[in-house]
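Enquirer: First, the structure itself, so that you have it in front of you.
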Amino acid sequence: MSSQLPPDLPPALAAITLSEDWSCGIGGGIWSNGLILATYFLNDAPHLKATLTNKTCLELGSGNGWLATVLGSIVTADIICTDTAEHVPLMQSTITTNATVLRAPDQVTVQELLWGAQTLPDGATVDFIFGTDVAYRDYLHDPLIKCLSQHLKPTGTAIIGVCMHDTSVAFFDKLGKGGFVYERIRDDKMPERYRGMLFGLFVIQKA
């Protein structure tokens, strides 16, 4: 377990093993947004099971595979865990190490995905996209929005976590102009320990 993770994590999260590896880049550890989304997944588990069972999910900017593992421990779904090539071994290691907590280990796969420049095999689209700290630089906005456009089904949903310190209003302006509607998840729907913070989870859908 990473030393960065709080010692009082819910048992379901504490049971997931993570080995940090910063040599592969900034995705080698877990950031606050990842913890927030993981805890939100646990709290929303009945709804996730009802809506995502046997569906296809895509994680963007996974880094280490931890969030994909959390979701895979909750729902039986095809989960595609993606990031740049240098993160692939760490993602695969996390998925493999935690195979016993996954509901369907063979349904969680790992691959490189460069936003806007690559597509999933056969141009596949998915029911659910998730990711955290994916819009922290302005140059990421256009590729990320293009990736959402390419891969999210017309009826699909995305949830992304951002820090309001580093994600500019320009991202949300572009998101709207790109054909999406979005809404921040209200504080009273968030895990109590993460309310009133400058981190936000946003639900995104095609307009």
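The values are calculated or read from the model by the stated rules, or taken from the named source; none is laboratory data. Note that the structure is a prediction, hence the values are computed from the model and not measured. Ideal geometry is used to build each Cβ from the backbone, glycine not excepted, and the neighbour counts take in all protein chains shown.
Enquirer: Go through the stretch 36-74 and count every residue that is hydrophobic (A, V, I, L, M, F, W, C), touching a Phe, Trp or Tyr at 6+ places or on another chain (Cβ under 8 Å) and assigned to a helix (DSSP H, G or I).
Expert: Count: 9.
Enquirer: Now for a separate question. If I ask for residues that are of a type in the set (Ser, Thr, Tyr) and either modelled with pLDDT under 95 or under 19 Å from PRO121 (Cβ atoms) (or both), which ones from the stretch 140-162 would you list? I'd like the intermediate steps shown before the answer.
Expert: At the first step, the residues of the stretch 140-162 found to be of a type in the set (Ser, Thr, Tyr) are 149, 155, 157.
Selection gives SER149 alone.
Enquirer: Could you tell me how many of the residues in the stretch 22-39 are touching a residue at least 60 places away in the same chain (Cβ under 8 Å), of a type in the set (Gly, Ala, Ser) and buried (at least 21 other Cβ atoms within 10 Å of the Cβ)?
Expert: 2
Enquirer: On to the next question. Using the structure shown, decide if VAL134 is in a loop (DSSP other than H, G, I, E, B), at pLDDT 90 or above and hydrophobic (A, V, I, L, M, F, W, C). Steps first, please.
Expert: Working: in a loop (DSSP other than H, G, I, E, B): yes; at pLDDT 90 or above: yes; hydrophobic (A, V, I, L, M, F, W, C): yes.
Answer is yes for this residue.
Enquirer: What about LEU120, is it buried (at least 16 other Cβ atoms within 10 Å of the Cβ), in contact with a Ser or Thr (Cβ under 9 Å, 6 or more places away or on another chain) and under 12 Å from THR82 (Cβ atoms)?
Expert: Yes.
Enquirer: While we're here: Taking the options LEU71, LEU52, LEU102, name whichever one is aliphatic (A, V, I, L, M), touching a residue at least 12 places away in the same chain (Cβ under 8 Å) and either surrounded by fewer than 19 Cβ atoms within 10 Å (Cβ to Cβ) or closer than 18 Å to LEU35 by Cβ (or both).
Expert: LEU71
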